[in-house]
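Enquirer: Please see the structure below; I have some questions.
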Amino acid sequence: MVTTRYDLSRSELAELLEGEPRYRVDQVWDGLHTQHREPAELTNVPKALRSAIEELLPPGLTPIKEVATDHNKTIKQLWQLVDGHLIESVLMHYRDRSTVCVSSQAGCAMACSFCATGQVGFDRHLTTGEIVEQVVRAAQRSGDRRVSNVVFMGMGEPLANFDNVWPAIERIHDDLGIGARKITVSTVGVVPGIERLSRQELPVSLAVSLHSANDRVRSRIAPINRTYPLRKLAEALHSYRRAKNRRLSFEWAMMAGVNDSETAARELAAFVRPLNAHVNLIPLNPTPGFSTPGTDLELIHWFRDLLESFGVNATIRSNRGTDIDAACGQLRAEQQVMLRGKPQRQKA
Ligand code: SAH
């Protein structure tokens with residue numbers, strides 16, 4: 001694999017720039033990370049060094065397509081990796097924050113039936129640099145508005161790529177300056193990953209894509225549940241809470257006749273109440289491989305009120321960018337049809 005711009009740690013960069021004084025290494029590192037600069041814009045370092053960096057550390061992400069919606073408040077970017085795979089990230093501006101939603105893998109092996117990425121399958125893990133670079137690119141695109149939050153809710157299962165995701169989180173925190181609580185890892189319930197997360201020092205936020213609190217139903221829509229059923233998941237989440245004392249949240253994409261009944265609400269309440277967690281109800285995005293329609297908005301409101309009456313805090317999440325396929329791998333799906341279904345290899 002080619003080493004791309006953000007793949008090196010600070011000490012590896014120092015090794016690469018062997019012979020350069022320490023302050024130069026710091027200038028390059030800070031320029032790339034804190035100031036989100038391109039090598040050519042590192043005007044405080046000599047030109048020869050700028051060119052060397054450009055050559056030694058090519059970008060990991062090449063822009064393929066950008067789509068904006070919600071009056072430019074949602075900007076979806078499709079990137080090509082150096083080996084041809086396509087990934088997405090989404091920049092979302094809100095009144096009080098700007099959030100980038102990043103991918104952790106090209107494709108996903110979790111095979112959730114309702115998820116566009118899950119329907120396509122797994123290509124490979126993203127490197128630490130490819131994850132960090134998505135945040136840097138979003139910060140560049142965001143201009144005067146500082147990117148304040150990062151959510152791992154793009155393509156892939158972050159806890160299945162822990163070895164690369166965790167160093168990326170540390171870099172996003174330490175060098176890009178984003179607070180730990182403003183970094184959210186979203187998982188479908190990879191129990192060993194949750195256990196590892198609870199042993200880390202940085203108190204990042206954890207979101208769990210639950211979608212059903214009934215093993216039979218959940219195993220059907222999220223096959224990982226066959227390996228880590230709800231009881232195991234609950235155990236891991238309880239010890240996570242004990243270790244970190246951090247608030248948990250759950251995502252629940254509302255699928256008609258699957259997880260939107262009174263029984264479903266009761267099961268959900270019984271699962272989350274002991275964890276004192278918050279529930280985000282998400283209107284389902286239609287995807288090519290899943291024919292069940294999403295729950296009507298009116299029924300989603302009823303479900304929310306029902307949860308509240310069971311003592312559970314629940315919010316209906318606005319679904320940014322549905323009109324531009326800005327959710328859940330759809331832009332990539334469309335692009336891959338255009339590329340005849342195969343990632344295009346770049347010439348070496
Ligand atoms: N693998 C991780 C992160 C990526 S998915 C996880 O499962 O949490 C990010 C969120 O989008 C998850 O909550 C996922 O369940 C949700 N999602 C996936 N497909 C969706 C769809 N078609 N409609 C609405 N939400 C969806």
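Enquirer: What number of residues within segment 284-305 satisfy the criterion of being buried (at least 19 other Cβ atoms within 10 Å of the Cβ) and either more than 14 Å from the ligand (Cβ to nearest atom) or closer than 25 Å to R95 by Cβ (or both)?
Expert: Number satisfying all stated conditions: 4.
Enquirer: Moving on. Restricting attention to segment 108-122, which residues are open to solvent by less than 20 Å² (accessible area, probe 1.4 Å) and farther than 22 Å from T292 by Cβ?
Expert: None; the set is empty.
Enquirer: Checking the conditions here, which among S89, S98 is more than 16 Å from the ligand (Cβ to nearest atom), open to solvent by less than 10 Å² (accessible area, probe 1.4 Å) and either polar (S, T, N, Q) or at positive phi (or both)?
Expert: When all the criteria are applied, what remains is S98.
Enquirer: Further question: Of everything in segment 129-144 that's of a type outside the set (G, A, S) and open to solvent by 10 Å² or more (accessible area, probe 1.4 Å), which residue is nearest to N72 (Cα to Cα)?
Expert: R141
Enquirer: Now a separate question. Any residue in segment 243-265 that is polar (S, T, N, Q) sitting within a Cβ distance under 7 Å of a residue that is surrounded by 15 or more Cβ atoms within 10 Å (Cβ to Cβ) and not in a helix (DSSP H, G or I)? List the pairs, counting only those 6 or more apart or interchain.
Expert: S249/A207; S249/A277; S249/H278; S249/N280; N259/H211; N259/S212; N259/W252
Enquirer: Being more than 19 Å from L299 (Cβ to Cβ), away from the ligand (no atom under 14 Å from the Cβ), in the same structural domain as M110 (by TED's automatic domain parsing) and not in a strand (DSSP E or B): is that true of R266 here? Talk me through it step by step, then tell me what you get.
Expert: Details: more than 19 Å from L299 (Cβ to Cβ): no; away from the ligand (no atom under 14 Å from the Cβ): yes; in the same structural domain as M110 (by TED's automatic domain parsing): yes; not in a strand (DSSP E or B): yes.
Answer is no for this residue.
Enquirer: Can we say V120 is hydrophobic (A, V, I, L, M, F, W, C), in contact with a helix residue (DSSP H, G or I) (Cβ under 7 Å, 6 or more places away or on another chain), within 16 Å of the ligand (Cβ to nearest atom) and over 28 Å from A269 (Cα atoms)?
Expert: Here the answer is yes, as V120 does meet what is asked.
Enquirer: Let me ask something else. For the structure I just gave you, tell me whether R241 is within 24 Å of D163 (Cβ to Cβ), among the charged types (D, E, K, R) and either assigned by TED's automatic domain parsing to the domain that holds Q134 or within 16 Å of the ligand (Cβ to nearest atom) (or both).
Expert: On the way: within 24 Å of D163 (Cβ to Cβ): no; among the charged types (D, E, K, R): yes; either assigned by TED's automatic domain parsing to the domain that holds Q134 or within 16 Å of the ligand (Cβ to nearest atom) (or both): yes.
No.
Enquirer: Name the single residue, out of those in segment 202-230 being more than 13 Å from the ligand (Cβ to nearest atom) and within 20 Å of the chain's Cα centre (by Cα), that is least open to solvent (accessible area, probe 1.4 Å).
Expert: Applying the filter and picking the extreme gives V204.
Enquirer: Related question: Give me the residue from segment 50-79 that is open to solvent by less than 20 Å² (accessible area, probe 1.4 Å) and over 19 Å from T99 (Cβ atoms) and, out of that set, farthest from the chain's Cα centre (by Cα).
Expert: Of everything passing the filter in segment 50-79, I53 is farthest from the chain's Cα centre (by Cα).
The values are calculated or read from the model by the stated rules, or taken from the named source; none is laboratory data. These numbers were taken from a predicted model, which means no experiment stands behind them. Don't worry about glycine lacking a Cβ; one is built from the backbone with ideal geometry, like all the others, and counts go over all protein chains shown. Only protein heavy atoms, including side chains, enter the accessible area calculation; ligands, DNA and RNA are left aside. Shrake-Rupley method; radii C 1.70, N 1.55, O 1.52, S 1.80 Å.
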